[in-house]
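S.K.: Below: one structure in structure tokens.
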Amino acid sequence: MSDSPLIRILTVDDHAILRKGIAGLVSAEPDMELIGEASTGMEAIQQFRQYRPDVTLMDLLMPDMGGIEAIIAIRNEFPEARIIVLTTYAGDVQVVRALKAGARLHLEGQGQSGTVGDHPIGARRVQAHPAGDRGRDGRACRR
């Protein structure tokens, strides 16, 4: 077992089944832990303030406040926040808006379980780094 700190993840999606699926995937990874879940943009902001995750996985379309607005609010308060947008739509204009708002990465999922984009889960590790900041071990970098 490594003495490296765990990558702390917050997941934000209005669909409980997706949050549970992400929780299952994260729990299977020895170097990650799920520290919070939110189902709305407002909850995302509150959870981010409370837990200060290393990485936030954010849906875009949610009730009360969408993901783009939540990204803007979080990044205004925490410019170093690492937010990954989760979507099922290729080339979605909302993804472009989210990236412009400060999201660091966009993961496009297919409708099948066990894949992220064209890659089976576990086939490659997604690296979340701020621009110009590279971790040698592929972990989310800490400041």
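Since every read-out is calculated from the coordinates, none of them should be taken as a lab result. Quick caveat, the model's predicted, so the values are computed rather than measured. Don't worry about glycine lacking a Cβ; one is built from the backbone with ideal geometry, like all the others, and counts go over all protein chains shown.
S.K.: Quick one: Val26, Val12, fewest Cβ neighbours within 10 Å first, how do they rank?
M.R.: By the 10 Å Cβ count, ascending: Val26, Val12.
S.K.: Shifting gears a bit: Taking neighbour Cβ counts within 10 Å as the exposure measure, how do Met58, Met65 sort from fewest upward? Let's see the in-between values first.
M.R.: Numbers: Met58 27, Met65 16.
Ordered by Cβ neighbours within 10 Å, fewest first: Met65, Met58.
S.K.: Want the number for Lys100 to Tyr51: 0.36 nm per residue separation, take away the alpha-carbon distance, what's left? Walk me through the numbers before you get to the answer.
M.R.: On the way: separation 49, 0.36 × 49 = 17.64 nm, distance 2.43 nm.
15.2 nm is the gain from fully extending Lys100 to Tyr51.
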